[in-house]
Structure formats: structure tokens, C-alpha cells
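Where a number appears in this text, it was derived from the coordinates with a stated rule and is not lab data. Note that this is a predicted model, so its numbers are computed, not measured. Glycine also receives a Cβ, built like all others from the backbone with ideal geometry; neighbour counts cover every protein chain displayed.
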Amino acid sequence: MGISKLWEVVEDAAQKQSLLNLATNEGFKTDNRGIRGLVVGVDISIRIKAITAALRTAGILNPPPKVILERIFYQLCNFLLAPIVFVFVFDGPGRPSVKRNTRVVFREGDAELIRILKTMILDFGFFYYDASTFDAPGEAEAELAQLNANDELDAIITEDSDGLVFGARCVVRTLGYSLFSNLDIHSLTLIRPSVQHECIIYYDDAIQHTPGVSLDRDGLLLCALLLGGDYDDGLPGFGPKIAHALAACGFGRELLDSRHPKLAQNMPATFPNVFVAKLYLHPLTSKSPLFSASAPDVDSWQPKQPNISSLSSFCSEVFGWRGSKLLQKFNEVLWPGAAFKLISSPHVLYYPGQSAFAALYDWGTRAVPRPVTKVVVLKMAKLKHYHPAFPDSPPLNIYRVGVSASNFVLLAGLAAFPAMTPGLISIPEAILAVGMRDLSLETTILTLPDSDSEEAGTEDGEDDDILEIYDTDEEDLQKAHSSLKSATAGVVIDLTMD
């Protein structure tokens, strides 16, 4: 969707890395926004359409909301495995009623799907505009682009190239080439995409300054008008190469004020279509002059832990998972992300006597609810090599961490069933270093034996029982950690509670 072949035009400016690499290097290590992570907006409408299309390809022509929600549930579980605050945006009532000469129809059942999905998003500790009933007034990708342009979002995830023309500064494509090609919902490792997989990232600065691309927003607009997209069909005979060449020459800027005489002989009198140009340059968003509803509360977009108790009730009611089946599902897909969130959170401290990370402070409510959410580290092993490696990203040094999920099981109300141990979790060394920075790791943490993993240990055979901190001694992080520790002394709370 979006502008025809625009991804092809800007391909040389694209960068490839994983969301985990991006968020760790540009969010966590820099203490971005004081939250040690990124705030990323997601065009959820496109993801729903992608899942629905994949299900239809698999023979499920009219998938019920439960089937779609179950796929999204697995995706949200994986989204927990990166230091990212996700903000999901839905299309609003002011979106265009016709796209690609087809009337946009709001199907019966869509409202119920969205209502249930919003509940699930909040239970995961994510956001859709501060848990209000507010959606994007128009198209989700336009709202996301506006928030990104205003630096209220660090990046946006969408498959719609319109986002570039709307003015987004950083667009991430995650669905990639294997668009839900495997619909096995019983194994998270088979669900695409994940935060560890390669995604494609487009920065506006790179699009403007990469040789062979060289497009500013005006040039992107001209490409949209020539190639066609959701709003019109463009001009016949103008393919991506010709459109790109004209836009790169600066004709897009001149067309904003008047038609260029050199183009006039090959273009109809109606070009440029001023109405379509205005849809791209001035889309309906929460920043529009005529928009009078409440704008999103961007200050509330802070890291939160998933509400395990609420998710347990949700999955029992919506998916019918109960008892040992629910525990098995959570052990496979939810516990790893819940543990990662605790270990990576700026509001969590490490208790050396228990080898435990526990949620300490609710930045919003400053309340002290119970029960406490915590995770106990049982063992760690440093991988021999930097992993994963992507051409456009500094490599990450990864630890494989084993944890006890007994506290999670208790919160889920599943303590009566046989205990299970989650699989090892991949956590960047920088995240572990900050979480434990004031403490020696010479505690009850156990090193994973070489026999348990081909990747365990170091090349010289020495044990990794001490976590070395290479690049996390920045003065600002030291001060932030000390300040947090002082402010929350003696206070242990669960961030997921309201």
C-alpha cells in the first residue's frame, strides 16, 4: 500500500538491522528520553490487514476476531523483548472514504475486534494514546508521521510508504519478505517478524543525502503525484525511474507553487492535483487546526511492565486457555518478555541477595500496590561472538539468561500447576550492565555450563561468572541510577497496577 514503487525509489538509503539492535544502541545506551529506550509508534491497522490477508491465503476467508487477536497476541509477546515503548495507532473516522478507487468499508465485527485489542495492548504495558478512546482523527500513518516529525515518537512502524511523504523522520518496515508466511501459532519462533529479525529502516536524512536517492519531502511528494498511490492513479507512462529523476532535480519544490513548463507538454492540465497534494501536505491529524478533541498525552509514554494477572484473565476469557494449557502458553511466549522488561526497565533495581530484579516505582501514579512483580536470575552465559550482526548496526554483545518465573506464575493464578522453566532469554550486555552496575555479580548467579549450550563460555574456556561493563560507565547513567535508587529506597511496587 502507499505510493506505488516508492520503496524501490528509496532503496539505496535503507538501513538493515533488528529492532533489538536499534533500540539498544540508539535508545538504551544513550538513555534516550530518560527512559533507556525508544518510543515507537505502530500502524496497527496495516498489521490487522496483513494478518487477515494471510489467513485468507491459508483458506480462512472470514477469520473471526479471536483468530486475528491470537496472532497479534504472539506478536505483542515478542515486542516485549526489546527496550521499546510501543504506541499503537488506529485509523480514525476522518480517514479518506475511497482508496485506490475502492470504497473503504468498516466491516461488521471490526469495532469489537478493536475494542478487545485495545484492552490487550494495555495489559501488555503498551499504549494507544494514553488508554483513552482517542484514535487518530484520520489515517494512522499520517498521525504517526506527524508525531515522529514533532519528535514525540522516535520511529514509526508501517508498511505504507505514505509515511515518508507525510513527513516521518524514521520509518521502520518489519513485515519484510516473509509476511506471516508461517501461521503456526504454537511456536513463537515461527512467527514473523520478531525484534531479533532484520527490519528495514528509512531515515529522512539518509533519503535526502544518499547519492542516487537525494529526495527531500518535496521530491517525495512529486514521486507520489507521478507514481500514484492511495489517493489517485498518478500519470500514465511515469515509472519509478522517470519520477525519481524529475524529483531529484528539484521539480517537486517548484510544483508546490506552480507547474514547471518543461513538464507541461507531457502532463494533463489537471496536474498537479492540488487536492491530492493537500492530502499529503496537510493530512488530518491531532495537530490539524480544525481538530478539537484531546491530543495524545505523550508524557505518559513511559516503560511499563505487562499486567500478568490481567493477561491471564484476558487469555482465559478470549482464547479459552486455562490451567496447564495457559501456563504452557505463557511459559513459551510471555515469561521471556516479562523478564526482559523487568531487567531493562529504568524503574527496576537489582537485589543481589536474591539475584532478583523487582519493579520499584510507578512514575505516573506514585502508588504502592501489591503484589510485587519480580524475576530471579538463575544462570547466565556470554555468547562467544557478537550477535546478531547487521551491516548497518554496531554489533551487540549478547548474554543468554535463564530465569525463574515462579513470581509470574503466582501473579497469573497458576501456582497450583506443575512449574515450568522458560527458555533462555537473549539480553544485550549493556542492559545487564546497567541493571547491575552498582553490584558485584559474585552472588548466587550460576554460570551456564558449556555442555548446556554450544555458545556458552568464552573462547579461552574461562567462566563468565563476572559481568564486565565495557561501555556503560557514562556519568549520566551513573547519576540516573543513583538518583533512582535513592528516590525509591524501601519502596517496591508493581508498575502494571493502576
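What is the sum of charges around PHE124, taking Lys and Arg as +1, Asp and Glu as -1, for the other residues whose C-beta is under 10 Å from the C-beta of PHE124?
+1
Taking amide H atoms as placed 1.01 Å from N in the peptide plane, list the residues 5 or more away in sequence, or in a different chain, whose amide H sits under 5 Å from that of GLN17.
CYS199, ILE201
Count the net charge of all other residues whose Cβ sits under 11 Å from the Cβ of GLY423, scoring Lys and Arg as +1 and Asp and Glu as -1.
0
Between their Cα atoms, which of LYS325/LYS374; LYS118/LYS304; LYS29/LYS379; LYS329/LYS374; LYS49/LYS374; LYS329/LYS379 are more than 27 Å away from each other?
Values: LYS325/LYS374 23 Å; LYS118/LYS304 16 Å; LYS29/LYS379 24 Å; LYS329/LYS374 20 Å; LYS49/LYS374 36 Å; LYS329/LYS379 23 Å.
Those over the limit are LYS49/LYS374.
Once amide H atoms are built 1.01 Å from N in the peptide plane, which residues 5 or more positions from ILE398, or in another chain, come under 5 Å H to H?
Under 5 Å from the amide H of ILE398 lie the amide H atoms of LEU383, HIS387, GLU429, each far enough along the sequence or on another chain.
Neighbouring Cβ atoms within 10 Å as the yardstick, rank GLU70, GLU141, GLU429 fewest first.
GLU70, GLU429, GLU141
Return ASP218, ASP160 ranked ascending by Cβ neighbour count within 10 Å, so the fewest neighbours appear first.
Taking fewest neighbouring Cβ atoms as first place, the list is ASP218, ASP160.
Could you pull out every residue, at least 5 positions away or on a different chain, whose amide H is within less than 5 Å of the one on CYS249? Hs are placed 1.01 Å off N in the peptide plane, and Pro or chain starts have none.
none
How many nm separate the modelled label positions at LEU281 and ASP297, each set 7 Å beyond the Cα in the direction of the Cβ?
3.6
Based only on other Cβ atoms within 10 Å, what is the fewest-to-most ordering of SER4, SER309?
On the way: SER4 23, SER309 19.
By the 10 Å Cβ count, ascending: SER309, SER4.
Sorted by packing (mean other beta-carbon atoms within 10 Å per residue), highest first, where do 9-19, 415-425, 149-159, 312-322 land?
Taking the mean over residues of other Cβ atoms within 10 Å, the ranking is 149-159, 9-19, 312-322, 415-425.
Could you tell me whether region 292-335 comes out rounded, prolate or oblate from its Cα gyration tensor? Rule is a ≥ b ≥ c as square roots of the eigenvalues, rounded for a/c under 1.5, then prolate if a/b exceeds b/c, otherwise oblate.
Here region 292-335 falls in the prolate category.
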